[in-house]
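Please treat every number below as a calculation from the coordinates, not as lab data. For clarity, every value in this text was computed on a predicted model and none was experimentally measured. Cβ coordinates were reconstructed from backbone atoms using ideal geometry, including for glycine residues, and neighbour counts include every protein chain displayed.
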Amino acid sequence: MTDTDKGFHPDDFYNAIVKTVASRQMTWKQVSKETQVSSSTLTRMAQGRQPDAASLAVLSAWAGINPADFVKQLKKSHTQESLVGISTLLRADPKLKPEAVKAMEAIIQAAYENLKDGKNKK
Amino acid sequence: MKFERGFKAHANKIALEVRGELGLAPHAPLCPWILAEHLAIPVFPMKKLAEEKPCLVGDVDYLSHAGSRVFSAITVFDGCKRIIVHNDSHAPTRQRSDLAHELGHALLMHPPHPPFCSDGKRMFDKKLESEAGWLGPVLLIPNEAAHWAVAEGFAEVDAAQHYGVSLDLLRFRFGVSGARMRRDRLKGL
């Protein structure tokens, strides 16, 4: 039986991984080595079990797929909050030091709050 | 059969990995039924199937006695999902070995396949069977376990009992892991 905890469909996610492995003509040994996801985790996923959060994230990144696409119960009308998206991009930028990221986040947040509430009067 | 480069090391790594996940030391005995549960793979003793399906009683009885050499264990697929059926009329050491072999297929992510070919014969892929045939015993006695048993001075019979395996399997693992060579060196042979 598929475990659809919180609407996540692990079978569908696993099938997407299987297709990725096949299309890249890789072995599961190579997948395990590249992603550091253990053989037992992959085996459990084949049995319909949900991977742990770290394995889910790593496999999603490795395959270039979005785990949110396998959540079927939530309405997809929720879009990512702007600040979260900006913060994510800044933190992922290897050219920025952590203190620079923090400073830019603070400035952007202040500007966003200002504009959101219509306080900026020119 | 010659394995691809790195396979034996990969097999030993898997054996140590699952032990770690189960909270076991590298040299600790491994219960294949507990491993199956950890991998979320249902395991059905053959006789239990007969209890649930009375129409199988005759067949199970045959495989338990006159035909006991014919059937050890099999993995049945539902899509990608596996269940394992094993012959529980066999000796406990044989059952452990058979189950470890099937779990080896699972951990190596060997692809799903029907149990029989179109001509009714068992589906048998030599490469995959050889790989599982290697990993199964390694799951039961990884290299570290074999060397530990030697270092602790276990007699072969006692080590076989400790790991729940046959003497043949124990001797095989002692040989291929280098543990026997180490033991002989320690004895000054």
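In chain B, the sites counted are trypsin sites (Lys or Arg not before Pro) in DSSP loop states with at most 10 other Cβ atoms within 10 Å, and the longest stretch holding none of them, exclusive of the sites, is B:122-189. In the protein assembly as shown, helices alone account for a calculated mean residue ellipticity at 222 nm of -17000 deg cm²/dmol, with every DSSP H run of four or more residues adding -39,500 (n - 2.57). Look at the dipole of the protein assembly as shown built from charges on Cβ: of B:ALA11, B:PRO29, B:GLY79, the Cα furthest out on the positive end belongs to B:ALA11.
Counts of other chain beta carbons within 10 angstrom of each beta carbon in peptide B:105-112 average 5. From the Kirkwood radius over Cα pairs of the protein assembly as shown, Stokes-Einstein at 4 °C and 1.567 mPa s returns a whole-number translational diffusion coefficient of 56 µm²/s.
Computed over the Cα atoms, what is the radius of gyration of the stretch B:133-189 divided by 2.2 N^0.38 Å, N being its residue count?
My calculation over the Cα atoms of the stretch B:133-189 gives 1.01.
Please give the average number of partner chain Cβ atoms lying within 10 Å of the Cβ of each residue in B:23-33, rounded to a whole number.
Working: counts 0, 0, 0, 0, 0, 0, 0, 0, 0, 0, 0.
The per-residue average across the peptide is 0.
Spatially, the stretch A:31-58 and the stretch B:85-114 are offset by 22 Å when compared through their Cα centroids. The string of couplings for the stretch B:143-156 from the Karplus curve (6.51, -1.76, 1.60, θ = phi - 60°) is 3, 4, 5, 4, 5, 5, 4, 5, 4, 7, x, 5, 6, 4 Hz, one whole number per residue in order, with x for Gly and Pro.
What does the C-alpha gyration tensor say about the overall shape of chain B? Classify as rounded when a/c is under 1.5, otherwise prolate if a/b is larger than b/c, or oblate.
Here chain B falls in the prolate category.
For each pair in B:LYS48/B:LYS127; A:LYS29/B:LYS13; B:LYS2/B:LYS126, compute the distance between the two Cα atoms and list the pairs where it is over 20 Å. The partial results should precede the final answer.
Working: B:LYS48/B:LYS127 31 Å; A:LYS29/B:LYS13 11 Å; B:LYS2/B:LYS126 11 Å.
Pairs exceeding the cut-off: B:LYS48/B:LYS127.
Sorted from greatest to least, the principal axis extents spanned by the alpha carbons of the stretch A:1-55 come out as 31, 20, 16 Å. Inter-chain Cβ neighbour count for A:46-52, averaged per residue, equals 4 (cutoff 10 Å, partner chain atoms only).
Report the Cα centroid-to-centroid distance between the stretch B:150-174 and the stretch B:28-84 in angstrom, as an integer. Answer, in whole Å: 26. The HN-Hα couplings worked out from phi for the stretch B:5-14 by the Karplus form 6.51 cos²θ - 1.76 cosθ + 1.60 (θ = phi - 60°) are 4, x, 5, 5, 5, 4, 4, 5, 4, 4 Hz, whole numbers, x standing for Gly and Pro.
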